[in-house]
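Working notes, beginning with the structure itself.
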Amino acid sequence: MLTARARLTLLSTALVLGSGVALSALTYLLMRGNRRVVQVIHSADGGPLPPVEDIGRQIRAATLADLLTRASIALVVVTALAAILGWLVSGRLLRPIREISATAQRSSAENLSERVPVTTPTDEVTALADTVNVMLDRIQRGVAERDQVLDSQRLFTASAAHELRTPLTTMRTAVDVTLDGDPTRAELVTMAEDIRTAITRSQRTLDGLLALAHSQAGPGDMHALDLATIVSGCAAPVAVQTDLEPAPVLGDPVLLERMIANLVDNAVRHNRPGGDIAVATGTAAGQAFLRIANSGRTISPDEADRLLEPFVRTRTEDGSGLGLSIVRAIVAVHRGELTLSPRAAGGLEITVRLPIAGC
């Protein structure tokens, strides 16, 4: 198998050789067809002169023979020079391609930072180098995103395992401590209550995990809904200030109802005693919005961002830590936006923006 450089050299040499042969053959034919001769008036020794036709034939034969000899020598020299120059020029032309190939071979999942040098002038090789660099950029971003997803999945798995292991440990400890001896009825009742509390926590965590998986799987049947109507059906055991304007959206009723229920439950759970909740719906800037604000303790912006992560309980130790994670997943599958803004007086304001139905 010949390399590209060898093939280019052979091609350029063959072209030069073919052109030389064609040029020599054409010159030979033109010279052979030229029958004009110079007439000799007298000989050098004064003797009789041969016929003019014989002199012409002799001169033409000698000229053609000399032409063939000189043309053959020139053709060999030119062909050899063409081979040498073709080898050098093809090597120079293929050097950027070799650099591209070497860079692609050195690139791996552990080293994707190297790029092909782009030189001037702008030609097909430069375009190829740009294309390879863009491809490496996409691969690097894809690998980084994959690693980020894997890290997130590993963290989520570890957190879920911890959340499920903790109630089991609580139940085992309660059983071991209570049954270590001769327990009384009161001790057995206390053990049963501890086990019931642990089971309730495990059930709440499993329900949250199932809801999160369902929301991440994507919406089911899409229907035209009004966020204001859904909010009206969610009652809260604290004072609620409502400003409900029509907010038509196209979405999954089950998921949107779960989203609003989680937001209302989150606002109630983390409110201060005697606090209030403000709920507003409407449309703005071509989007339908739902805004829920509640009073409570002061929250920093960094703490608010972490609340969207699964199993994060920075505001209270109660709950499964999946409520806002489920809300974020539901908003994502509906192509919406979710923002959390700490309130200066304490508490949190959560805004959900969804595409208006029909847009």
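The values are calculated or read from the model by the stated rules, or taken from the named source; none is laboratory data. Model, not experiment: these values are computed from the prediction. Here Cβ is always computed from backbone atoms with ideal geometry, including for glycine, and neighbour counts include all displayed protein chains. Heavy atoms of the whole protein, side chains included, go into the accessibility calculation; ligands, DNA and RNA do not. Shrake-Rupley method; radii C 1.70, N 1.55, O 1.52, S 1.80 Å.
To keep it simple, each residue is scored yes or no on (1) farther than 14 Å from Thr351 by Cβ; (2) of a type in the set (Val, Ile, Thr); (3) within 40 Å of the chain's Cα centre (by Cα); (4) not in a helix (DSSP H, G or I).
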position: Ala228; (1), (2), (3), (4): yes, no, yes, no
position: Val231; (1), (2), (3), (4): no, yes, yes, no
position: Gln241; (1), (2), (3), (4): yes, no, no, yes
position: Leu250; (1), (2), (3), (4): yes, no, yes, yes
position: Met259; (1), (2), (3), (4): no, no, yes, no
position: Val264; (1), (2), (3), (4): yes, yes, yes, no
position: Gly274; (1), (2), (3), (4): yes, no, no, yes
position: Ile292; (1), (2), (3), (4): no, yes, yes, yes
position: Ala304; (1), (2), (3), (4): no, no, yes, no
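So, in the range 276-290, exactly how many residues are in contact (Cβ under 8 Å) with a residue 60 or more places away in the chain, within 16 Å of Glu349 (Cα to Cα) and of a type in the set (S, T, N, Q)?
Total meeting the criteria: 0.
Do you know which residues across the range 328-342 are closer than 15 Å to Asp305 by Cβ and either charged (D, E, K, R) or in contact with a Gly (Cβ under 6 Å, 6 or more places away or on another chain) (or both)?
Arg328, Glu337, listed by residue number.
Return yes when Ala345 is more than 12 Å from His270 (Cβ to Cβ), under 28 Å from the mean Cα position of the chain (by Cα) and at pLDDT 80 or above and no when it is not.
Here the answer is no, as Ala345 does not meet what is asked.
Taking the stated definitions as given, is Arg291 open to solvent by 50 Å² or more (accessible area, probe 1.4 Å), farther than 16 Å from Val331 by Cβ and of a type in the set (D, E, K, R)?
So Arg291 fails the test.
Report every pair of residues separated by at least 6 positions or lying on different chains whose Cβ atoms are under 8 Å apart, first residue within the range 157-175 and within 15 Å of Leu209 (Cβ to Cβ), second modelled with pLDDT of 85 or more and open to solvent by 40 Å² or more (accessible area, probe 1.4 Å).
Going by the 8 Å Cβ cut-off, the qualifying pairs are Pro167/Ile199.
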